[in-house]
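Written below as C-alpha cells is the structure these notes are about.
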Amino acid sequence: METSKVYFTDLRTTPGNSLLKKLVKLIKRAGIESIDFDGKFTAIKIHFGEPGNLAYIRPNYAAAVVDVLKGLGAKVFLTDSNTLYSGGRSNAVDHIHAAMDNGFNPISAHADIIIADGLKGTEYREIPLEGEYCKAPKIGSAIADADIIISMNHFKGHEQTGFGGALKNLGMGSASVGGKLELHSSSQPVIDTEHCIGCHICEKYCRHEAVKVIDRKAVIDYNKCVGCGQCVAVCQHNGAVVRDYDTSEVLNYKIAEYALAVVKDKPSFHISFIMNVSPNCDCWNHNDAAIIPDLGIAASFDPVALDCACADLVKAAPVLGGNVISDIENSAESHGCCGHSHHIGDDKFHIVHPDTKWEAGVEHGEKIGLGSRKYTLVRI
C-alpha cells in the first residue's frame, strides 16, 4: 500500500490570517481543486450536532468549504442521515430543526440541508459490495446519489469504536436507519411488547411483509425478516428494538465497509477537526470536557490515513485536567494504586474506553482498499 499524504494546520492565527483562511489554504494545498466539481452534486457529510451537545463543527467552517466548492462549480448541499435511537435527529423534521438551531442554514452555512435517508430513515440505496461483513450497505439516498463526497469530521472519542473520525462519519453517519441497525446489531430486531401499542406502522413499512399486528401487538416472522431495521426506524414508541450489539472490532470492520460503499466509484475528500476532543460520541445530548487541547485541522484524500494521523496527533498531545482521564487517575489513587499521569505518547482513547479497539477499523479499511495506514504528515 502506498504512503498517503495528510495535510495539517495548527490553530495559531495572526491578523489577516484567520482560522477560516487557514482552512481554505489547507484544503487547497491538500489538492481539493484537482477534483472536477463543475455541475456535480456534491454532498458535504457533516454531523449537525445533537441538541444539547456543543462539540459539533461550527457552521462557519462549513460555509468556508462550501464557498470553495461553489467557486469550482459544485452543486453543494450539507447532509447527514437520521439516527437509529430516538432523540433530536431520528426523523428529518426534528433533524433539520436541530441543524437550524445549531446554525446550519443557507444564510450561515451557505448551503441547503438535505437529510440523506428521508423523513423516517427509509430512503436508501443498497450499494453492492460483497464485503466480508456487509454484502450491500444501506446508504442514505442523497449521499448515494451524490457525484462527489466531502466529509467534515469532528475527531473525538467514542464508547463503542474507540474514536470517531472520517471512517465513522462516512460509514455510520451515511447509513440509513436500517443500515445503522446492521452496523450495530448482530441480530434481527425484536418487539418490546410493553411499549408496542399495535399502531400498525411497522407492518405498513416492512418491505418484506415480516411484521403483522396480532392482538394489538406486533409480531415478527423471522423467516421473512432480513434485519433491515425499518420497523425500528418508523416506530415512535420504542416497540421495535435492537436485540444484541456487536463487539468493538466487528463494529469497526462494518463501519469501514460502509465507508467504502459511500466513496466507491466517486471522488471524495476528507477534513477532520481535532478540536473539542470530547471522550464520547457526539450523538449524546451533552459533551463532556475535552481530554486534550485543541490541535488543529487535517485533510486528505485518504480517510484511513487521515484517521491514523489524527490518532497519532492525539497520542502526542498532553492531557488536560478536569476530565474523565483525571477521574480515572484519581480513582486509581483512591484505591491505593499508583496513579499514572497519561500524557505524551499515551493512547488516550484506550484509557477512556479500554474495551474498544479503534485500530480494527483502519486495519480493515486498509485491507479492503479504502486507504493506507501509512502516511506522511505535511504541516502548513
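The values are calculated or read from the model by the stated rules, or taken from the named source; none is laboratory data. Just so it is clear, the model here is predicted, and its values are computed rather than measured. Glycine gets a Cβ as well: all are built from the backbone with ideal geometry, and neighbour counts include every protein chain shown.
Being of a type outside the set (A, V, I, L, M, F, W, C), closer than 13 Å to LYS254 by Cα and in contact (Cβ under 8 Å) with a residue 40 or more places away in the chain is the requirement here; does LYS168 meet it? Considered against the rule, which asks whether it is of a type outside the set (A, V, I, L, M, F, W, C), closer than 13 Å to LYS254 by Cα and in contact (Cβ under 8 Å) with a residue 40 or more places away in the chain, LYS168 comes out as yes. Kindly check whether there is at least one residue in segment 265-276 that is of a type in the set (Ser, Thr, Tyr), touching a strand residue (DSSP E or B) at 6+ places or on another chain (Cβ under 8 Å) and surrounded by 23 or more Cβ atoms within 10 Å (Cβ to Cβ). Within segment 265-276, one or more residues are of a type in the set (Ser, Thr, Tyr), touching a strand residue (DSSP E or B) at 6+ places or on another chain (Cβ under 8 Å) and surrounded by 23 or more Cβ atoms within 10 Å (Cβ to Cβ). Of LEU251, LEU306, all but one fail to be crowded, with 23+ Cβ neighbours inside 10 Å and either among the acidic types (Asp, Glu) or closer than 24 Å to GLU130 by Cα (or both); the exception is LEU251. Would you check if there is a residue in segment 167-178 being on the phi < 0 side of the Ramachandran plot, in a helix (DSSP H, G or I) and modelled with pLDDT under 95? The answer is yes; a qualifying residue exists.
How do the pairs read when you match residues in segment 33-60 that are surrounded by fewer than 22 Cβ atoms within 10 Å (Cβ to Cβ) with residues anywhere that are assigned to a loop (DSSP other than H, G, I, E, B) and among the aliphatic types (A, V, I, L, M), using Cβ under 6 Å and keeping only pairs 6 or more apart or on different chains? Partner pairs satisfying both residue conditions: LYS40/ALA74; PHE41/ALA146.
Scanning segment 348-372 for residues being touching a strand residue (DSSP E or B) at 6+ places or on another chain (Cβ under 9 Å) and either at pLDDT 95 or above or not in a loop (DSSP other than H, G, I, E, B) (or both) gives a total of 10.
There is at least one residue in segment 63-86 that is surrounded by fewer than 24 Cβ atoms within 10 Å (Cβ to Cβ), farther than 30 Å from ASP347 by Cα and modelled with pLDDT under 95.
Of the candidates GLY88, GLY73, the single residue that is on the phi > 0 side of the Ramachandran plot and touching an Asp or Glu at 6+ places or on another chain (Cβ under 8 Å) is GLY73. Quick check on ASN153: is it out of contact with any Lys or Arg (no Cβ under 7 Å at 6 or more places or on another chain) and assigned to a strand (DSSP E or B)? So ASN153 passes the test.
In segment 116-132, the residues that are under 18 Å from ASP147 (Cα atoms) and touching a residue at least 60 places away in the same chain (Cβ under 8 Å) form Cβ pairs under 6 Å with partners that are part of a loop (DSSP other than H, G, I, E, B) and among the hydroxyl-bearing types (Ser, Thr, Tyr), at six or more places apart or across chains, as follows: ALA116/SER81; ASP117/SER81; ASP117/SER176.
Of all residues in segment 306-346, those satisfying the criterion of being among the charged types (D, E, K, R) and modelled with pLDDT of 95 or more are ASP307, ASP312, LYS315.
The set of residues in segment 89-105 being assigned to a loop (DSSP other than H, G, I, E, B) and under 16 Å from the mean Cα position of the chain (by Cα) consists of ARG89, SER90. Considering segment 10-25, and only residues there that are in a helix (DSSP H, G or I) and touching a helix residue (DSSP H, G or I) at 6+ places or on another chain (Cβ under 9 Å), the residue that is surrounded by the most Cβ atoms within 10 Å (Cβ to Cβ) turns out to be LEU23. In segment 86-106, the residues that are more than 17 Å from ILE57 (Cβ to Cβ) reach residues that are of a type in the set (Lys, Arg) and assigned to a loop (DSSP other than H, G, I, E, B) with C-beta atoms within less than 7 angstrom, at least six apart or across chains, in these pairs: ASN91/LYS120.
Residues are listed down the side, and each one gets a yes or a no for (1) part of a helix (DSSP H, G or I); (2) within 29 Å of VAL177 (Cβ to Cβ):
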residue: ILE27; (1), (2): yes, no
residue: GLY39; (1), (2): no, no
residue: HIS47; (1), (2): no, yes
residue: LEU69; (1), (2): yes, yes
